[in-house]
Amino acid sequence: MNTQAAVTPYEALGGETGIRALVVRFYALMDELPEAYTVRRIHPDSLKGSAESLFEFLSGWFGGPSLYIQKNGHPRLRLRHAPYAVGPVERDEWMLCMTQALTELVADQALRTGLIKTFNQMADHMVNTEVGSTPYFNAAHAR
């Protein structure tokens with residue numbers, strides 16, 4: 001009988017430090033890669049808030065503290081992204097950045113492959129149009 005508890009992705013990625021590193025690298029790639037231009041346009045100029053939200057979400061999603069839920073309630077990812085036209089191009093560019101970040105930071109091939117598959121499913125779920133590319137809109141700038 002195996003008495004060892006299963007390791008969560010949160011633990012396997014190095015806990016808070018590992019998740020933060022993944023998020024930092026992901027958003028750095030979004031800023032750096034010309035191939036990510038379209039998805040970058042639907043984010044605010046500063047990625048600080050987006051990075052914190054993604055970190056909080058991934059923390060709970062990967063089996064660590066449910067920071068996002070404690071702060072914002074149920075993630076309702078598709079609903080929260082509804083104001084933005086997320087098409088196949090945005091999905092693919094988002095996945096390009098996440099796949100590269102995971103490839104750079106996750107040495108365990110089985111874990112990395114599983115995470116990429118899971119992120120692909122989530123990214124597919126976020127697609128809400130075939131057109132895509134609604135630039136970020138901040139109501140404060142509309143005044």
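Based on this model, can you work out whether Y37 counts as closer than 18 Å to E93 by Cβ, crowded, with 18+ Cβ neighbours inside 10 Å and among the hydroxyl-bearing types (S, T, Y)? Can you show your working first?
Values: closer than 18 Å to E93 by Cβ: yes; crowded, with 18+ Cβ neighbours inside 10 Å: no; among the hydroxyl-bearing types (S, T, Y): yes.
Taking the combined requirement at face value, the residue does not satisfy it.
Being of a type outside the set (S, T, Y), touching a residue at least 40 places away in the same chain (Cβ under 8 Å) and not in a helix (DSSP H, G or I) is the filter here; which residues of region 6-18 pass it? Quick ask: steps written out before the conclusion?
Initial filter on region 6-18 (of a type outside the set (S, T, Y)): 6-7, 9, 11-16, 18.
Subsequent filtering for residues that are touching a residue at least 40 places away in the same chain (Cβ under 8 Å) retains 9, 11-13, 15-16, 18.
Answer for region 6-18, where residues must be of a type outside the set (S, T, Y), touching a residue at least 40 places away in the same chain (Cβ under 8 Å) and not in a helix (DSSP H, G or I): just L13.
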Pairs under 6 Å by beta carbon, first residue in contact (Cβ under 8 Å) with a residue 40 or more places away in the chain and aromatic (F, W, Y) in region 77-91, partner outside any loop (DSSP other than H, G, I, E, B) and surrounded by 14 or more Cβ atoms within 10 Å (Cβ to Cβ), six or more apart or different chains? none
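Residue-wise test of (1) at pLDDT 95 or above; (2) buried (at least 16 other Cβ atoms within 10 Å of the Cβ); (3) of a type in the set (S, T, N, Q); (4) outside any loop (DSSP other than H, G, I, E, B).
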site	(1), (2), (3), (4)
M1	no, no, no, no
Q4	no, no, yes, no
R20	yes, yes, no, yes
M30	yes, yes, no, yes
H43	no, yes, no, no
F55	yes, yes, no, yes
Y68	no, yes, no, yes
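What about R78, is it of a type in the set (K, R) and more than 30 Å from A6 (Cβ to Cβ)? Don't jump to the end; show me each part of the working.
On the way: of a type in the set (K, R): yes; more than 30 Å from A6 (Cβ to Cβ): no.
Answer is no for this residue.
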Unique match (being under 19 Å from D31 (Cβ atoms), in contact with a helix residue (DSSP H, G or I) (Cβ under 8 Å, 6 or more places away or on another chain), among the aliphatic types (A, V, I, L, M) and free of Cβ contacts under 8 Å to residues at least 40 places away in the same chain) among L67, L102, L47: L47
Within region 96-115, count every residue that is in a helix (DSSP H, G or I), surrounded by fewer than 16 Cβ atoms within 10 Å (Cβ to Cβ) and among the hydrophobic types (A, V, I, L, M, F, W, C). 2
Anything in region 88-109 that is within 16 Å of L47 (Cβ to Cβ) and in contact with a Ser or Thr (Cβ under 7 Å, 6 or more places away or on another chain)? List them, or say none. E90, E93
Number of the condition not met by G64 [criteria: (1) part of a helix (DSSP H, G or I); (2) buried (at least 16 other Cβ atoms within 10 Å of the Cβ); (3) not aromatic (F, W, Y)]: (1)
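The values are calculated or read from the model by the stated rules, or taken from the named source; none is laboratory data. In this text, all values refer to a predicted model and were calculated from it rather than measured experimentally. Counting neighbours? That spans all protein chains shown, and the Cβs are built from the backbone with ideal geometry, glycine included.
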